[in-house]
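One structure is given here, and the rest of the page talks about it.
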Amino acid sequence: MAGEPYESFSQASSFQRGLWFLAQIDPGGAAYNLAFAWRLSGEVDVSALRAAFGRLSERHPALRTRFADSAGMPTRVVDEPSSPLSVVPDEAGSEAEALRLVETAARVPIDLAAGPVFRATLVRYGPGAYLQGVVVHQIAFDQWSVRLLARDLSEFYAAETAGRAASLPPVGAHPAPRDQAGDSEAALRYWERRLDGFPVGLELPRLPKSGDVTSSATLSFDIAGETVDAVAGRTGCPASTVLLATWALLLHRYSRQSDLMIGTPVLADHGDTRENIDCLQHILALRLDLTGDPAFGELTARVRDTLRDAVVHREIGFDDVVRVASPSRRGRGDSLFEVWFEATEADAADVTLPGVEVTWLDVPAPEARYPLALRARRLGDGWRLSFDYATGEFAADTIAALGRHFSRLLTGIAAGGDPRSSRIPLLDHDERDALLASRSQGAVLATTPGTLVSVFEEQVARTPDRTAVRLDSAELSYEALNGKANLLAVRLRAAGVGPDTRVALYLERGLELVVAVLGVLKAGGAYVAIDQRNPADRIGAVLAEAAAPVLLTTEGLRAKLPETAAEIWPLDGVHREPGVPENPSTGLTPENLAYVTYTSGSTGGPKGIAMPHRAVVNLLGWQAAHYEMSQDDPPRTLQFASLAFDVSVQDMFSTWMVGGELVLITEDERFELAGLHKVLEARQVRRLFIPAPALQQVAAGYRAAGVLPTALRTVISGSEQFMATPDVRRLAGTPGMALHNEYGPSETHVVTCYDLPTATGDWPAPVPVGRPIANASVYLLDERGEVVPDGVIGEIHIGGEGLARGYLGRPAVTAERFLPDPFAAGTGRRMYRTGDLGRWLPGGDLEFLGRADFQVKIRGFRVELAEVEAALESDPRVSEAIVLVREVAGDPRLVGYVCCPGPGAEDLAQQLRAHAASKVPDYMVPSSVVVLDRLPLTANGKIDRRALPDPRRPDEERAGRLAPETPTQRLLAEIWATALGVPEVGCDEDFFDLGGHSLLATKVLARVRASFAVDIPLRALFEFPTVTEFALAVQDAAAVEEPTGTR
């Protein structure tokens, strides 16, 4: 093997330069401390052991090498040999205490400039009982070095105790660095192609965001070697490749992502035949392809080929690969990969000491190098799988599930055949059944079969004189409303309306509308509400598809109707006509239709959701029980929702079922959200159903008026992600106030509910949508229809009593979305595939994550828009925020729309961008922020995203670069321009957006330190990446106004 003595190399390898750079960013970190330990049972000759470690240091110069800073680059300095062993003077009380001492020693940072990079600690915890701990920085150590250390330490100890010379092969020459060997241009082109558009991040079950991403823990599992060997033999691949393929498959099943990035180490040439301890390895960024649902044999072959090609093209260093990929370098989650894998197939770390029984012990990683890492190591006849994880990102239960599911996948693969990846079971039957029982099933609530008509008529019999509905000073009692609805029902029956006959309603908000709803239902028909705000073409399409023989309207609205085949009945003054006391007999059953609501179809045309009475009555029964509604304390409810929106059914009938009063408002009052609090106060409304965006504006109205509600006590929100803004929190602070967050698509109505804690400080972020309601089932399924584990994203499927019949007149679309329910008892049960994504939280609540067909990616990063919105809303000046993705010259960019009450600063948009930048990674910071007086709403009170204005393009917002003004800024701009290879740098331009990366950052810092005579840490450039910001940091660090160096 060609090479030279170790001491002749002063330049660090590419991999070592990368590790050195990371140490400059985090000089107090211990993430790259490698720690391991052995239990020593027997009488240990401590003097011989100390001498053995000294001989080990003498034999292997890498263990006594420091790395000095030379003009922003590391230079190796080899020290004289000495024994690195320290013996803890006091005996530990137990092995657990001794292990804690070893772990504590492993967490002490290693100063690469001062050394030593290698330490050993011996702890005695009883007669003939010791723990031997070793910690070494990875800059001097690799996988092969573990084998050499174990062998050489064993021989040196044996020689010392026997009084003889050690017998070891000569170390020989040190292999020459390989950074520049081979065809580096070809390697560069390979990595450019391979990493083009690479994915960043994995959607794994993580804990809520916390500041701690370095604290780590390790969970280990053992699997049978024969299982791994069986799969390896069948696929013709090494066991390590089989384990890597299984790891990739598990991550794919957890994340729903088929394009994965996983980091792994590989030894340099001759790395597994050398005799010297050192760090002679490369890091490979493996981009693994799991598209097309490959059989496991094919998947293993893909992994093998990817690994082989990466090894062939490792001529360029990992820092060059990072530069090719150009990921953001400002956060742990922004690197090439956040998941790691390494495997050691040889059981080679056994130390043998004469007269002493030695046992390998797992030592947790001192800090998390990556959020999640799997280390596989052959132990005798089996494999030890050690999952290292950042405790600030993952719960121990999640890691335990990963280990359990890894074993389950491998067992399924080894069972025989070559199944498609999707068909390999992730959960066993017991775990699946437990998840279904604990998460998916709502309480079983016995309900008396009924209809909306029977619900209302039974209440009329109980409380005929109570006020049922009110509009300003006009009101109708239950008996009067029932009689007027009966009159209309008799007329409709005479016109041929009966069960399942659709009747169109084109009416303004008022008493006629309420009479019309009840009249149609009491005739046995199903109402189809037409939203007047819709364009004529859409109204015509709805009327044509609904095929309603009768359309109820008023003379004032008749002229606005498009041409229709329906018979038009004006209802002017129907609420003033004398009623009919007798309830008509219709033969209505719970399976008959109650209403049809229209929603946008995938083809652009509306599709009608046909909802039977059974589903709505089940919802009403749950609401009465859950909200403890009482005949003795009935609610006064504002009828806020449009009749074309299914929530209006809750407004009306959940109020009437307990004798409450429905408060109607005009369309103008409904849309004047800033003043709606006045209506709520004037009418003394006690209960409000309202979409989340509209709730925010009502809450802002209360805040602007400086008051809290005097009567309002129950607020039920839904339709969109709950907005826990300061105004909503203030509203929730009203004494006796209860807020609830409901979820459910129109095809099922409400299926889950979350009751927000009284103390707003206890609200989770984001607010979940809760648990299934009574007689409802909520399943989270993967793309293959299998139940997903807790924390794993799945598509929401809904079963139970709340399902619509389907889409009116569209059997093919109905069959596509309403599927057989394989988890329900009995035959003929169905579930609705929502297209929404969610995950079960540890406590059993469902978190809603948006639409499956609107995944957002920015520069390769997966972005949750709700998180960006929360970052903007955390600024106290922002009352609410919405973030969208806009295409600018083919490039998707985030745009924030914010509502800020009161006068704002001229540069408020830029201030809010800066605020967001302090809360989220740079790729999640909106390119533009648009400040609005209020956010536009649809007729149903949801945010009208189509009405949000296009922002000005960033290049139009900036007339040009901001030129440096002070001497400090000018010199910094010159240093940056030289390093970046650009003509000039503006004060407002980001070093990393201009192409800066890790090695350039170290070179820039070296020149900055020399030019300004300041000792400024490398991380400052990451925290202050513009000339303007960094100039202030330089001046703060040195308290200088002018540079002391020369150009």
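Values quoted throughout were computed directly from the atomic coordinates according to the rules given, and no laboratory measurement underlies them. Not measured: the values here are computed from a predicted model. With ideal geometry, Cβ positions are generated from the backbone for all residues, glycine too; neighbour counts draw on all protein chains shown.
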Problem - Distance between the stretch 247-269 and the stretch 664-735 - C-alpha centres, whole angstrom - result: 48
Handout entry: Reduced Cα scattering model of the stretch 518-560, Debye log10 I(q)/I(0), q = 0.18, 0.23 Å⁻¹
Key = -0.59, -0.92
Handout entry: Where N is the number of residues in the stretch 351-466, Cα Rg divided by 2.2 N^0.38 Å
Key = 2.04
Completion exercise
The simple spin-label model distance between Asp430 and Glu672, using points 7 Å out along Cα→Cβ, in nm, is 6.5
Exercise for the section: Could you check the simple spin-label distance between Ala217 and Ala474, using points 7 Å along Cα→Cβ, in nm with one decimal? Expected result: 6.5
Completion exercise
re the stretch 787-854: pairs of Cα atoms spaced beyond 20 Å account for a percent value of 37
Practice task
Would you pull out the residues with amide H under 5 Å of Leu937's amide H, same chain only if 5 or more places away, H placed 1.01 Å from N?
Solution key: Asp944
Completion exercise
So, with points 7 Å from each Cα along the Cβ direction, the Gln1035-Asp229 label distance in nm works out to 7.1
Fill in the blank from the handout: One can check that the equivalent ellipsoid of the stretch 967-1038, built from the alpha-carbon gyration tensor with semi-axes equal to the square roots of five times its eigenvalues, has lengths in Å, largest first, of 16, 13, 11
Handout entry: Principal-axis tilt of helix 478-494 within the chain, Cα atoms, nearest 10 degrees
Key = 80
Exercise for the section: Specify the inter-centroid distance of the stretch 394-422 and the stretch 551-567, based on alpha-carbon positions, in whole Å. Expected result: 61
Practice task
List the residues whose amide H sits under 5 Å from the amide H of Phe689, counting only those 5 or more places along or on another chain, with H placed 1.01 Å from N in the peptide plane.
Solution key: Leu638, Phe640, Ile716
Completion exercise
In degrees, nearest 10, the alpha-carbon axis of helix 1027-1038 is tilted away from the dominant principal axis of the alpha carbons of the chain by 50
Fill in the blank from the handout: Given a Förster distance of 41 Å, the FRET efficiency implied by the Cβ-Cβ spacing of Ser438 and Asp418, rounded to the nearest 0.05, works out to 0.75
Completion exercise
Semi-axes of the stretch 3-175 from the Cα gyration tensor (sqrt of 5 times each eigenvalue, largest first, whole Å) come to 29, 21, 11
Practice task
Find the relative contact order for the chain and round it to a whole percent, using C-alpha pairs within less than 8 Å whose residues are 6+ positions apart.
Solution key: 9
Practice task
Please express the shape of the chain as an equivalent ellipsoid: the semi-axes are the square roots of 5 times the eigenvalues of the C-alpha gyration tensor, given largest first in whole angstrom.
Solution key: 66, 34, 25
Handout entry: Non-local Lys pairs in the chain, i.e. 8 or more apart or on different chains, that have alpha carbons under 23 Å apart
Key = 7
Practice task
Report ³J(HN,Hα) in whole Hz for each residue of the stretch 672-681, in order, from the Karplus equation J = 6.51 cos²θ - 1.76 cosθ + 1.60 where θ = phi - 60°; Gly and Pro get x.
Solution key: 8, 5, 4, x, 5, 4, 5, 5, 4, 6
Handout entry: With Cα atoms, 0 to 90° folded angle of helix 14-25 axis to the chain main axis
Key = 60
